[in-house]
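Working notes, structure below.
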Amino acid sequence: MDLQEDRDRLERILLGQEALVNEVRVWLDEEDSADAMVEAAVRSSTEDRLNTLNGLDRARIFDRRAIEDLCVRYRLRFLPGGLYKGELPRQAIAAVRALEARTGKVLRGYHIMAPAHRFRLCDADGDPLLFVRIGQGRYYLIHRWGADLSPLRALLYWPFRTPAHLAVTVVAVAMVLAAAIPTSCISSDPTAGWWGAHRVLMAFWTTVVVTAFTVQGWFAFFGRFSREAWNSRTFN
């Protein structure tokens, strides 16, 4: 009799564990389905749609001018999520679901800030930040991933912000090259000092050479300055 009771108790335990496993499986399937719906909403965003939300973190609210300045500084694009071709991390999806749960609203019209190569861009002649629009020219930052706002990136793309930035860079590089070239390479006079007409002519020559290479490289690889391209859907 005791053996039968032990068997019955063990059977109840096993059945209880099976029921728990089934509940967990159903819960995981529901979570995967909810995540898939959020990702589909981001991937299908093609228009700038307004979201009316309350109780937002003010530190995560940015107006359009601030977003433009960030894009220009780090040479990024700010485009609808439907154009984004990079990976959308689970943390970003979880952040969207948490915001929807907190505000009781379904978010629409997602925008992503990221480098141009992370978007499906059209050919005009082919570590991101997730936003939604909340009205009055303002956007709410839902999640940030990657390292696209690093100081090094801002320094590397400083010359490409505006024509003035590029011109200053060209002149600065030319002056450094002119100053670094030994006097013996630009003057046949063995008594010539570092400074003189020969150095001025060398500065002019290096400026012309650097400008020529810059113009050629600009039209071959860049095409537009960051101030013009920050929200463009085309490569060039």
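The values are calculated or read from the model by the stated rules, or taken from the named source; none is laboratory data. From a predicted model like this one, the values you see are computed outputs, not experimental measurements. Note that each Cβ is placed from the backbone with ideal geometry, even for glycine, and that neighbours are counted across all protein chains shown.
Observations on the structure shown:
To keep it simple, each residue is scored yes or no on (1) of a type in the set (D, E, K, R); (2) at pLDDT below 80; (3) assigned to a helix (DSSP H, G or I); (4) on the phi > 0 side of the Ramachandran plot.
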position: Q4; (1), (2), (3), (4): no, yes, yes, no
position: D29; (1), (2), (3), (4): yes, yes, yes, no
position: A40; (1), (2), (3), (4): no, no, yes, no
position: L53; (1), (2), (3), (4): no, no, no, no
position: L70; (1), (2), (3), (4): no, no, yes, no
position: V96; (1), (2), (3), (4): no, no, yes, no
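- Residue under evaluation L79, criteria (1) assigned to a helix (DSSP H, G or I); (2) under 15 Å from the mean Cα position of the chain (by Cα), criterion not met: (1)
- Applying the criterion of at least 2 residues that are of a type outside the set (V, I, T) and in contact with a helix residue (DSSP H, G or I) (Cβ under 7 Å, 6 or more places away or on another chain) to the strands (runs of 3 or more DSSP E) found wholly in region 100-184 leaves 110-114, 138-144.
- Among the residues making up region 191-226, those that are closer than 30 Å to A66 by Cα, at pLDDT 80 or above and in contact with a helix residue (DSSP H, G or I) (Cβ under 7 Å, 6 or more places away or on another chain) are T214, F225, S226.
- Within region 136-183, considering residues that are over 16 Å from R73 (Cβ atoms) and β-branched (V, I, T), the one modelled with the lowest pLDDT: T183
- Candidate set from region 62-76 (those that are surrounded by 15 or more Cβ atoms within 10 Å (Cβ to Cβ) and touching a strand residue (DSSP E or B) at 6+ places or on another chain (Cβ under 6 Å)); member that is farthest from A229 (Cα to Cα): F62
- Qualifying residue in region 94-106 (condition: surrounded by fewer than 15 Cβ atoms within 10 Å (Cβ to Cβ) and of a type in the set (S, T, N, Q)): no
- Hey, A36 touching a Leu at 6+ places or on another chain (Cβ under 9 Å) and farther than 30 Å from A220 by Cβ or not: no
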